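See below for the structure under consideration.
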Amino acid sequence: APLDASLLKITHVETLKPVPTPGTYGFGDIKTDYMLVMEYTAGSGWSAPEIKPYGPLALDPASNCLQYCTNVFEGMKAFIGPDGKARMFRADQNMTRLVSSAERMGLPTFDPDALLKCITALVSIERRWIPAENGHSLYIRPTMIGTKASIRVGKSDSALLYTLVTPVGPYFPISPAIPHPTLAGVSLLAISEHVRSWPGGTGGYKLGLNYSPGFVPQTLAAQEGYDQVLWCLDVGKKPEEGAVISEAGAMNFFAVLANEGSDGGITIVTPPLDGTILPGITRDSALQLLRAHADSLSTSSTSPFSSPLHSGSGPISVIERPLSLSELAQAAQAGRLLECFGTGTAVLVVAIERIGYYPLSKTTAVPIDSEHTENTPKITDIVMKGGLKGLGQVGKA
Ligand code: COI
């Protein structure tokens, strides 16, 4: 049977949990009252979807997801708008991407509109959990796992598709010294010894296994005093070309460069969707907004946008192309690296304050488990010219 939202049943909880006060939590830990669950089995297809009290799942220890990581997910958000209405941000895009991830993992697929109807019902029933405060939202995590109870290596012909929601504050802790979330910035440590994705790999899908191998490199970056890893890839590159930048932690990466020459313009660059980059929905929104802004500038002499970094008179170009770490370092040296920022559902838009890298003449990273010695290359920092004037963790989409 296909997934049918009209069969949705709701089992109510007996006692509702207290909703925590925004400001007392960060990202990802709060459990709400309900979850949405539906099951696929080889013989019968999709079960009737159910919204039921949040709680543990029962899984066979041999389950395909536990043995072979057939885990795919989405990250999406609901916000309370200035008009007091609750809205999900571009949720149809998340549904399409979840189908694509499920297909890549050999998991059963489903009608994306039917799932979205069920998720909308879940968000409605959980409406009191959507925080209205700046920088807060209800994060929605649709998750699909292969449940075939066999350790045989192969596709799972049964699956569980469930969705949990969790109220979230800013992903990166904001110092009380910073007056507004938009002024928070994160630091990145560039590495290429460990890579997030590679040509022909799965980096263009949202799979659980794209994230867990990053946990140890992330710890190394933290030990060196950096918030996140800047994932770089030098497979197939000549050393002088430098490793190309792929993503920053769990965010897509953008750089803002002043044009060479004197046209007063800027170029905003982000790596192309070549299969190694997650097709981020916030990335796509940023590109659409930037391009619309660039177009409006080219047809009107007055800019609605004023920034100490851009006079409003020079052209703005928005380009998806490979961006190497050495290009970034050279641009910074020449005073042309104005800003870098990361985008993602969890982080929204976050300014990048500085990027550390190991000297490019040597290996670009120290082995993760090596003892640091005098010979360990020192980290050099790339610092943005513009500081954090215009971009940051934007509170509301
Ligand atoms: C998101 O931005 O929603 C992500 O999925 C990144 C991370 C929290 C897994």
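The values are calculated or read from the model by the stated rules, or taken from the named source; none is laboratory data. Remember, predicted model here, so these are calculated numbers, not experimental data. Cβ placement follows ideal geometry from the backbone for every residue including glycine, while neighbour counts extend to all protein chains displayed. Please note that ligands, DNA and RNA were not included when accessible areas were found on the heavy atoms of the full protein model with its side chains. Shrake-Rupley method; radii C 1.70, N 1.55, O 1.52, S 1.80 Å.
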**Item:** Residues (over 24 Å from residue 205 (Cβ atoms), more than 16 Å from the ligand (Cβ to nearest atom) and either within 20 Å of the chain's Cα centre (by Cα) or crowded, with 21+ Cβ neighbours inside 10 Å (or both)) located in the stretch 132-177
**Value:** 134, 174
**Complete:** Of the residues in the stretch 240-283, those that are part of a strand (DSSP E or B), modelled with pLDDT under 95 and among the small types (Gly, Ala, Ser) number 1
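Out of the stretch 334-350, which residues are assigned to a strand (DSSP E or B) and within 16 Å of the ligand (Cβ to nearest atom)? Give the steps one after another, and end with the answer.
The initial filter retains those residues of the stretch 334-350 that are assigned to a strand (DSSP E or B), namely 337-344, 348-350.
Listed by number, the residues that qualify are 341, 342, 343, 344, 348, 349, 350.
Going by the structure shown, is residue 213 surrounded by fewer than 15 Cβ atoms within 10 Å (Cβ to Cβ), at pLDDT 95 or above and out of contact with any helix residue (DSSP H, G or I) (no Cβ under 8 Å at 6 or more places or on another chain)?
Details: surrounded by fewer than 15 Cβ atoms within 10 Å (Cβ to Cβ): yes; at pLDDT 95 or above: yes; out of contact with any helix residue (DSSP H, G or I) (no Cβ under 8 Å at 6 or more places or on another chain): yes.
Yes; evaluated as a whole, the condition is true for this residue.
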**Asked** Can you tell me which residues in the stretch 182-237 are among the small types (Gly, Ala, Ser) and farther than 24 Å from residue 281 by Cα?
**Response** 192, 221, 222, 225, 236
**Complete:** Cβ pairs under 6 Å, 6+ apart or interchain, first in the stretch 73-101 and of a type outside the set (S, T, N, Q), second away from the ligand (no atom under 14 Å from the Cβ) and part of a helix (DSSP H, G or I), ordered by first then second residue, are 78/123; 86/127; 91/116; 95/112; 95/115; 95/116; 99/112
**Failed condition for residue 267, given (1) touching a residue at least 24 places away in the same chain (Cβ under 8 Å); (2) open to solvent by 50 Å² or more (accessible area, probe 1.4 Å); (3) of a type in the set (S, T, N, Q)** = (2)
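Every residue in the stretch 61-91 that is within 16 Å of the ligand (Cβ to nearest atom) and open to solvent by 20 Å² or more (accessible area, probe 1.4 Å), please. Write out each step before concluding.
Step one: of the stretch 61-91, the residues within 16 Å of the ligand (Cβ to nearest atom) are 69, 71-79, 88-91.
Within the stretch 61-91, 69, 71, 73, 79, 88, 89, 90 meet the criteria.
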**Fill in**
When restricted to 116, 98, 66, 57, the only residue farther than 18 Å from residue 206 by Cβ and either part of a helix (DSSP H, G or I) or within 17 Å of the chain's Cα centre (by Cα) (or both) is 66
**Asked** Does the stretch 110-121 contain at least one residue that is hydroxyl-bearing (Ser, Thr, Tyr), closer than 22 Å to residue 25 by Cβ and either within 16 Å of the ligand (Cβ to nearest atom) or surrounded by fewer than 18 Cβ atoms within 10 Å (Cβ to Cβ) (or both)?
**Response** no
